[in-house]
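The values are calculated or read from the model by the stated rules, or taken from the named source; none is laboratory data. Just so you know, these numbers come straight off a predicted model, no measurement behind them. For neighbour counting, all protein chains shown are included, and Cβ atoms are generated from backbone atoms with ideal geometry for every residue, glycine included.
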Amino acid sequence: MNELQHYIWQTKYRAGGEDGIEDTWRRVARCVAAVERDAPGWEARFGDELGNWRFLPGGRIIAGAGTARQVTLFNCFAAGRLDDSLDGILDALKEAALTMQQGGGIGCDFSTLRPAGSPALRSGVIASGPVSFMKVWDAMCATLLSTSSRRGAMMATLRCDHPDVGAFVDAKRAGGVLRNFNLSVLVTDTFMRAVEDDAEWTLAFPPGSANAARKLPARELWQGIASAAHESAEPGVLFIDRINRDNNLWYCETISTTNPCGEIPLPPHGACDLGSLNLARFVRQPFTPAARIDEEAVASSVATAVRFLDDVIDASRFPLPAQADRARRTRRIGLGITGLADALIMCGLRYDSDAARATAASLLRKIRDLAYSVSVELARDKGAFPDFDRDRYLAGPFVQRLPDTLRDSIARNGIRNSHLLAIAPTGTISLLAGNVSSGIEPVFALEADREVIGPSGVSQTLTVRDYAYAAWLDGNVGRPPQEFVTAEAMGAAAHLQMQAALQPFVDNAISKTVNLPGAASVADVRQLYERAWELGLKGCTVYRSGSLEGQVLKSRDEARCCPVDRG
């Protein structure tokens, strides 16, 4: 491993007594395979996928599986429904603290809390509003962070018709506040139509009630959301009606938040374990006219990865009994991809080309069908997930888009996992794999300097070279070919077009940040969010270069803001 890979492994994933990454992979494979009837056989198969870097489990799995630490193997959780009472708020805060203590990120919808200035019915005091309580969550997260090397991660959501939505939208403009939160507005279809029609918009609590707090032009609120995102990269938008409409469990769940990065919409106490296929490892004869992605090898890895992630549900601890119950009743998993941009480059395709989008979409369709097929076979062997209702499951919009042969198989045999696909940002595990491009993001920079902070608190800068670029340099000199296009060198529309090309084949969601140049306007952000809705996406986040401080990754002419990595 190079210096950065070794640093990532040693500070984030190495367990005591491990001399190299091979020991880590053996530990993980042994732990997850232990729930299988043929544990030695599956340990060998899981270990082969991990050792060859074809499948990358989520970070919590790599760090926690097979250790004696009291941690969960799940990256992602959603809080329970937040009750609008002091007891309910404090209970939810405790649940969030226990979840984060064991290493899980959490999403929380604050829309159920009454707006600032309204009277509390039982005590008679004046409510301070959702944003004030978000600061309590943020302080809790910061306190836990002070005793841990792992950065805390939370998502806060608020409905677009909540009377405090303006304060929520502006909450991070000042800088230095709510640093442990990502923020997203829950945007409804009704609101988007009001924006299109330049109509009046009603803010009310509870949402949809006759208790109108005030009215304003829908476009005024929409402009405020775009302006805040332009200035501070937040809030993002979640198209919540589409999320619920396309949910495979539409018949027994209502979703109002996501995990911290947005790729897993989750119901109250929902949880999901993640893993990614490293597409850069499936390219054969790279940088030649015969370059291709080995789809036969991909199919083999999908079969192993789906079984691995399903086993994680049974191998994992859970911070809360309600989380364990929800995870086991739905058996939600999130198999995704990483290294997409590098794989396209190695096949001679520009990320922002029609050919690249067509190639990526074709591959994702096959991965979707393979994953669902494997889950059906697992249901024949181990049983369908407990909340499976055949007729209503088959009536879901996403399931209706599956091939007829797959739908027939589900009707006959059930399916092991309610959801199977999610594309996560995979930032750290992609670094561990040799700095492959993250998730479905374009290559950020061919070479960059990355600031990291070790356990001792000392900051250091390590040089990062993109995986595909390093491979190309191994046999070439001079200027790289035009396929090596970076995130900010392409138009913002190309980012959305790639996400839109893949979203039809992903039953959870896709984490994607649209990079904008520093000169981009508020109107550019607003139009991007509108285009995301028009394209059928479930959400959108933007980052305008230079809009925030504290960037961890710096190339010679680019800068992207992310929290500084902590070992």
In the stretch 254-286, how many residues are among the basic types (Lys, Arg) and buried (at least 21 other Cβ atoms within 10 Å of the Cβ)?
-> 1
Quick one: in the stretch 1-30, of everything that is among the acidic types (Asp, Glu) and part of a loop (DSSP other than H, G, I, E, B), which residue is farthest from ASP314 (Cα to Cα)?
-> ASP19
By residue number, the members of the stretch 367-384 that are buried (at least 21 other Cβ atoms within 10 Å of the Cβ) and outside any helix (DSSP H, G or I) are ALA384
Would a scan of the stretch 409-428 turn up a residue that is at pLDDT 95 or above, surrounded by 19 or more Cβ atoms within 10 Å (Cβ to Cβ), farther than 16 Å from SER375 by Cβ and touching a strand residue (DSSP E or B) at 6+ places or on another chain (Cβ under 6 Å)?
-> yes
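Determine whether the stretch 319-340 contains at least one residue that is over 26 Å from GLY64 (Cα atoms) and either of a type in the set (A, V, I, L, M, F, W, C) or in contact with a His (Cβ under 6 Å, 6 or more places away or on another chain) (or both). Outline the logic, then answer.
Restricting attention to the stretch 319-340, the residues satisfying the condition of being over 26 Å from GLY64 (Cα atoms) are 340.
Next, from what is left, pick out any that are either of a type in the set (A, V, I, L, M, F, W, C) or in contact with a His (Cβ under 6 Å, 6 or more places away or on another chain) (or both): 340.
Yes, because at least one residue in the stretch 319-340 is over 26 Å from GLY64 (Cα atoms) and either of a type in the set (A, V, I, L, M, F, W, C) or in contact with a His (Cβ under 6 Å, 6 or more places away or on another chain) (or both).
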Inside the stretch 33-82, can you point out the residues that are more than 16 Å from SER300 (Cα to Cα), of a type outside the set (A, V, I, L, M), part of a helix (DSSP H, G or I) and in contact with a Ser or Thr (Cβ under 8 Å, 6 or more places away or on another chain)?
-> GLY59, ARG60, GLY64
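In the stretch 115-132, how many residues are touching a residue at least 40 places away in the same chain (Cβ under 8 Å) and surrounded by 21 or more Cβ atoms within 10 Å (Cβ to Cβ)? I'd like the intermediate steps shown before the answer.
First, pick out the residues of the stretch 115-132 that are touching a residue at least 40 places away in the same chain (Cβ under 8 Å): 115-116, 118, 131.
Now narrow it down to the ones that are surrounded by 21 or more Cβ atoms within 10 Å (Cβ to Cβ): 131.
Selection size over the stretch 115-132: 1.
List the helices (runs of 4 or more DSSP H) that sit entirely inside the stretch 385-477 and contain at least 2 residues that are closer than 30 Å to ALA271 by Cβ. Steps first, please.
Details: elements: 390-394, 397-400, 404-413, 427-432, 467-473.
Those helices (runs of 4 or more DSSP H) span 390-394, 397-400, 404-413, 427-432.
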Give GLY518, GLY491 a once-over and let me know the one that is touching a residue at least 60 places away in the same chain (Cβ under 8 Å), surrounded by fewer than 21 Cβ atoms within 10 Å (Cβ to Cβ) and not assigned by TED's automatic domain parsing to the domain that holds ALA358.
-> GLY491
Within the stretch 136-151, identify whether any single residue is touching a helix residue (DSSP H, G or I) at 6+ places or on another chain (Cβ under 8 Å), touching a residue at least 60 places away in the same chain (Cβ under 8 Å) and small (Gly, Ala, Ser), and answer yes or no.
-> yes
Name the strands (runs of 3 or more DSSP E) wholly within the stretch 187-240 that hold at least 1 residues that are touching a strand residue (DSSP E or B) at 6+ places or on another chain (Cβ under 7 Å), without any contact (Cβ under 8 Å) to a residue 60 or more places away in the chain and surrounded by fewer than 21 Cβ atoms within 10 Å (Cβ to Cβ)?
-> 200-204, 212-217
Hey, among the residues in the stretch 287-317 that are over 15 Å from VAL32 (Cα atoms), of a type outside the set (Ser, Thr, Tyr) and touching a strand residue (DSSP E or B) at 6+ places or on another chain (Cβ under 9 Å), which one's surrounded by the fewest Cβ atoms within 10 Å (Cβ to Cβ)?
-> ALA290
In the stretch 521-550, residues that are of a type in the set (A, V, I, L, M), surrounded by fewer than 19 Cβ atoms within 10 Å (Cβ to Cβ) and not in a loop (DSSP other than H, G, I, E, B) total 2
